[in-house]
1. First compute the accessible area of the stretch 6-51 with a 1.4 Å probe, then give the percent of it belonging to carbon and sulfur atoms.
2. In whole Hz and in residue order, list the ³J(HN,Hα) couplings for the stretch 35-46 that follow from phi through the Karplus curve 6.51 cos²θ - 1.76 cosθ + 1.60, θ = phi - 60°; x for Gly and Pro.
3. Of the trypsin sites (Lys or Arg not before Pro) in the stretch 10-45, which ones lie in a loop per DSSP and count no more than 11 other C-beta atoms within 10 Å?
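The values are calculated or read from the model by the stated rules, or taken from the named source; none is laboratory data. As the structure is a prediction and not an experimental result, all values here were calculated from the model. Here Cβ is always computed from backbone atoms with ideal geometry, including for glycine, and neighbour counts include all displayed protein chains. What goes into the accessible areas is simple: the full protein's heavy atoms, side chains included, and nothing from ligands, DNA or RNA. Shrake-Rupley method; radii C 1.70, N 1.55, O 1.52, S 1.80 Å.
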Amino acid sequence: MAKKFPLHPKHPERICWGCDKYCPVDALQCGNGSDRTQHPMELLGEDWLEYGDWDLDTGTEPPRTTGGTDKGPASD
């Protein structure tokens, strides 16, 4: 069974999203290249899920909260 794909991970830059293993960036296991696969949120922005047909179950994901203290480089 495949792992549930996180819709809004806290630190997407720390993980490779290329397969169901979700390896840390310093320990890639699949060997499908030397670079990690970015999360769609990194490529398309925070609202990546609103556009396109991703075929993901979003009913169990808790709502995204705003105003947290964990700011990324794009939140300035």
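1. Values: 1460 of 2970 Å².
C and S atoms contribute 49 percent here.
2. 10, 7, 8, 6, 6, x, 5, 6, 8, 10, x, 4
3. 10
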